[in-house]
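The values are calculated or read from the model by the stated rules, or taken from the named source; none is laboratory data. This is a predicted model, so every value here is computed, not measured. Ideal geometry is used to build each Cβ from the backbone, glycine not excepted, and the neighbour counts take in all protein chains shown.
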């Protein structure tokens, strides 16, 4: 009877395992932009002012983003370009490999100078999009087709219109004004920009057909531009935390008092940071660093004062050991 129960139990376990296998299919391989990494950041992680994890760079510093691109197309592809576009209006490009073999990866690195806070506000996080354009190595006409794309209405003055996608595959752009094909324009295929020789008349409908390169893309919304005061606050905070001896054992009372004062200044600095007054926060954190430096210095002086007394104590023990050794030898010394 017991054997039957065991067999039944194992059967149930086996069926449950089978159901789990069926219910949880294998995860497919990651495609397109599989990874990215910001390097050389001013700060990275949780920031109480924004209430979220951020990737932060000081205004005017150099930012770098390494993007790993995986070719999931099942065929070799030619890389036509890569762009990194931010919500403050700037778009940055990167040098790309000429091709990526099927089922292989390549790293594309963007580098740029972070704009001032006048252009990219430091009170909000910024959105950005990475886009890598490619074409089939075997069929260079392979792309996304768009027909009857609305570009706008003429007003007799506007000469420049933009397509919703770019870059555009050469030889695919066809522009119409009031349903009549026209060639009286120039086109920047990389930017999707159309400039007419003469502005379309008032109420004339402008449309186009075209194909654009296939893309791999990814978005983020955690980029932050620090003001000078913000960057200084983060640097001072790191220095204070590195010096903090509050967790050390046997810290003298005078040192603990200085550390407590430094912590109080830190709290005030944090409050000002959350409120967005980074200049005031910087002042509090500078005071905290000064107090913490003084505390560490005072603690070191105390340790130095203790070194001679410890040496004397150890010397006394040494003499006592020598004396005891001599006494034992005298007692055990064999007589002639």
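Data overview
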{"quantity": "Counted residues, the range 60-94 - those being within 29 Å of residue 117 (Cβ to Cβ) and either in a loop (DSSP other than H, G, I, E, B) or touching a helix residue (DSSP H, G or I) at 6+ places or on another chain (Cβ under 6 Å) (or both)", "calculated": "7"}
{"quantity": "Condition check for residue 57: at pLDDT 95 or above, in a strand (DSSP E or B), closer than 28 Å to residue 239 by Cβ and not assigned by TED's automatic domain parsing to the domain that holds residue 239", "calculated": "yes"}
{"quantity": "Selected residue (only one of 121, 105, 48 is out of contact with any strand residue (DSSP E or B) (no Cβ under 8 Å at 6 or more places or on another chain) and in contact (Cβ under 8 Å) with a residue 60 or more places away in the chain)", "calculated": "48"}
{"quantity": "Qualifying residues in the range 165-194 (those that are under 44 Å from the mean Cα position of the chain (by Cα) and surrounded by fewer than 12 Cβ atoms within 10 Å (Cβ to Cβ)) - the one farthest from residue 145 (Cα to Cα)", "calculated": "186"}
{"quantity": "Conditions (1) outside the structural domain of residue 203 (by TED's automatic domain parsing); (2) buried (at least 17 other Cβ atoms within 10 Å of the Cβ); number of the one not met by residue 102", "calculated": "(2)"}
{"quantity": "Residue in the range 143-153 that is surrounded by 17 or more Cβ atoms within 10 Å (Cβ to Cβ), at pLDDT 95 or above and within 25 Å of residue 84 (Cα to Cα) present", "calculated": "yes"}
{"quantity": "So residue 266, is it touching a helix residue (DSSP H, G or I) at 6+ places or on another chain (Cβ under 8 Å), surrounded by 14 or more Cβ atoms within 10 Å (Cβ to Cβ), outside the structural domain of residue 53 (by TED's automatic domain parsing) and at negative phi", "calculated": "yes"}
{"quantity": "Whichever residue in the range 197-226 is surrounded by 18 or more Cβ atoms within 10 Å (Cβ to Cβ) and over 26 Å from residue 108 (Cβ atoms) and, among such residues, is nearest to the chain's Cα centre (by Cα)", "calculated": "208"}
{"quantity": "Yes/no for residue 246 being surrounded by 10 or more Cβ atoms within 10 Å (Cβ to Cβ), modelled with pLDDT under 65, under 39 Å from the mean Cα position of the chain (by Cα) and not assigned by TED's automatic domain parsing to the domain that holds residue 123", "calculated": "yes"}
